[in-house]
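So that we are looking at the same thing, I have put the structure below in structure tokens.
Computed from the coordinates by the stated procedures, all read-outs in this text should not be read as laboratory data. Note that the structure is predicted; figures quoted are calculated from it, not measured. We place every Cβ from the backbone using ideal geometry, glycine too, and count neighbours over all the protein chains shown.
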Amino acid sequence: MKTSPQKEKSKIQIKDLFDRKVWYKLDLSAIVYPTLQRKDFSSVYRLSVLLKEPIKPDILQQAVNMALPRFPTYKTAIRKGLFWRYLEPNQRPGPFVQKDIRNFCMPMPFKANNRYLLRFYYYGCRISLEAHHSLGDGTGCMHVLNTITAVYLRLLGHEISDGYYVKDIEETPHPEELEDAYMRYANAKVSPKRPGEKTYRVRGTKEPFYTFNVINGILPVQDVLKAAASYHVSITEYLNAVLIYALMKKQESEWHFRLKPVKIAMPVNLRRFFPSKTLRNFITMVYPGIDPRLGEYTFEEIVTQVHHYMRYYINEKFLRGDITTNANTQRHPLIRIVPLFIKDFVVRQFYTKVQDRNSSAGLTNMGVLKVPDDMKPFIERFDIYMGQPFSSRTNCAIISYEDTMTINFASSIVESDVERYFFQKLVQDGIHVLIESNRTTS
């Protein structure tokens, strides 16, 4: 079959992105993640798709090899300069498909895996992609996973269309896909300060190194929608309130001199408010929560608090100000000329002593994932995991596909009290929950 001149031209242009001397400056969010790198921690997350037939690893490897060049900022290695880090095209062999492991989202050393910041796994009917957050956020990486899955299905002989999260692997990437979208919209007239105070932290028994505990809840979307509607809030607001409630119950069950505020670190997808096709990081954090020092909260009061917080803070004006606050730090002429090792020390200290203590847990909701109609018959569900927490706590990640929602908790502590309180509350509200876990005990 002959290739059209237009598609042949696209192949040449994609190849040029790797042949010529190009490099990509880390985006505004990505700057932080390498700074936090430790022997026992990397900012790694996982996306998975569960198909309806067992995976053929040799075909999956072909799909990875064919599709990954379409995403030049993901086929990269991280490098260190005098003043900043950057991504450069990676022409080494790989990344190679591997059989899945029990304790996933392990630390990702920058010089391992032929310097790739991606890992691909298979197990049974599941394809999993792990990515370092320096490359992009969950939305960007979902394009990579879904495109590879579509190519995999085509290699098996199925007709799969492009669209939604599936990219045409023969087209040239749009310039916006490669941009640091933060800098385009960091133009508010003021830089709002961020309130910060120490919040409640889960006290748990730290697991041995390389142990990663996962608890998955699989729920009907209609059940969750009905429960959220009974409180007159959105699904995201409802689930945030349930997690705050679970954390509050956990804090009350422990010995404490005095109660502390309970807050959730929730990423907001800025593409909803600022038009951009970027496949890199384009999120910012908001912190819904309650302060038990003000008095006892019923669940209805928590839901109301979260609802009004979300409606007040999650809008174009506040988010633009938040982006500008971040960007102005990077733009400062003195900071630009400070050597990288000093920047690393300052950022690490700030994150450890201030930023990480500003929330009790993390929760991200990717919302409803859509795929081309001719791809639907082959897919059972999707999963997302936030990866190992920076400190001893639990993180929660949510994604929906068709009428199936998966709520995935990830932690590196022995106790699972927060998860138990969370799912018990869902059941009390009439939601049917199927639990899966890699824990041997709970």
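Under a 5 Å amide H to amide H cut-off, with H placed in plane at 1.01 Å, what residues pair with CYS105 once short-range neighbours are removed?
Amide H to amide H, under 5 Å and 5 or more residues apart or across chains, CYS105 pairs with nothing.
Looking at segment 144-215, which GluC sites (Glu not before Pro) are in a loop (DSSP not H, G, I, E or B) and have at most 13 other Cβ atoms within 10 Å?
Hits after loop and neighbour filter: GLU159, GLU197.
A follow-up question, please. Assuming a viscosity of 1.567 mPa s and a temperature of 4 °C, what translational diffusion coefficient in µm² per second does Stokes-Einstein assign to segment 63-118, Rh being the Kirkwood radius over Cα pairs?
Translational D for this selection: 103 µm²/s.
Quick query: amide H of ALA265 versus all other amide H atoms, modeled in the peptide plane; which residues come in under 5 Å with a sequence gap of 5 or more or a different chain?
SER360, ALA361, GLY362, LEU363
Starting with the highest mean, order 68-74, 227-233 by the number of other Cβ atoms within 10 Å, averaged over the residues of each peptide.
Top of the packing list down: 68-74, 227-233.
Moving on. Explain nothing, just the number: dipole magnitude of segment 254-307 about its Cα centre with +1 on each Lys and Arg Cβ and -1 on each Asp and Glu Cβ, in debye rounded to the nearest 20.
Dipole size: approximately 540 debye.
Starting at the first residue of segment 118-134, write each ³J(HN,Hα) from the Karplus equation 6.51 cos²θ - 1.76 cosθ + 1.60 with θ = phi - 60°, in whole Hz, x for Gly and Pro.
The phi angles translate into 10, 9, 10, 10, 9, 7, x, 9, 9, 10, 10, 10, 10, 9, 7, 5, 5 Hz.
Springs between alpha-carbon pairs under 10 angstrom, Gaussian network model over the chain: which of ASP100, ASP373, ASP27 fluctuates most?
Comparing ASP100, ASP373, ASP27 in a Gaussian network model of the chain, the most mobile one is ASP373.
Would you pull out the residues with amide H under 5 Å of ARG381's amide H, same chain only if 5 or more places away, H placed 1.01 Å from N?
LEU50
What ³J(HN,Hα) values, in whole Hz, does the Karplus curve 6.51 cos²θ - 1.76 cosθ + 1.60 give for segment 105-116 when θ = phi - 60°, with x put for Gly and Pro?
6, 6, x, 10, x, 5, 9, 8, 6, 6, 6, 6
Oh, and also: Suppose each label sits 7 Å from its Cα in the direction of the beta carbon; what would the ARG331-ARG92 distance come out to in nanometres?
A separation of 3.7 nm, rounded to one decimal place.
Say the dipole of the chain comes from +1 at the beta carbon of Lys and Arg and -1 at that of Asp and Glu; which of THR35, ASN146, GLY196 then lies farthest toward its positive end?
Going by the charge dipole, the pick is THR35.
So what J values fall out for segment 28-44 if you push phi through Karplus, 6.51 cos²θ - 1.76 cosθ + 1.60 with θ = phi - 60°, rounded to Hz, Gly and Pro as x?
4, 6, 5, 4, 6, 4, x, 4, 8, 4, 10, 4, 10, 8, 9, 7, 10
How would you order 297-309, 234-246 from highest to lowest mean count of nearby Cβ atoms within 10 Å?
Per-residue mean Cβ counts within 10 Å order the peptides as 234-246, 297-309.
Suppose every Lys and Arg Cβ carries +1 and every Asp and Glu Cβ carries -1, with no other charges. What dipole size does the chain come out with about its Cα centre, to the nearest 20 debye?
Roughly 1820 debye for the chain.
Please give the length that would be gained between VAL190 and ASN315 if that part of the chain were fully extended, namely 0.36 nm times their separation in residues minus their C-alpha to C-alpha distance (nm, one decimal).
The span from VAL190 to ASN315 would gain 43.4 nm if fully extended.
Then there's this: What is the order of LEU426, LEU51, LEU135, fewest Cβ neighbours within 10 Å to most?
In order of increasing Cβ crowding within 10 Å: LEU51, LEU426, LEU135.
Sort 383-392, 121-130, 278-287 for me by packing, meaning the mean count of neighbouring Cβ atoms within 10 Å per residue, highest on top.
Ranking the peptides 383-392, 121-130, 278-287 by packing returns 278-287, 383-392, 121-130.
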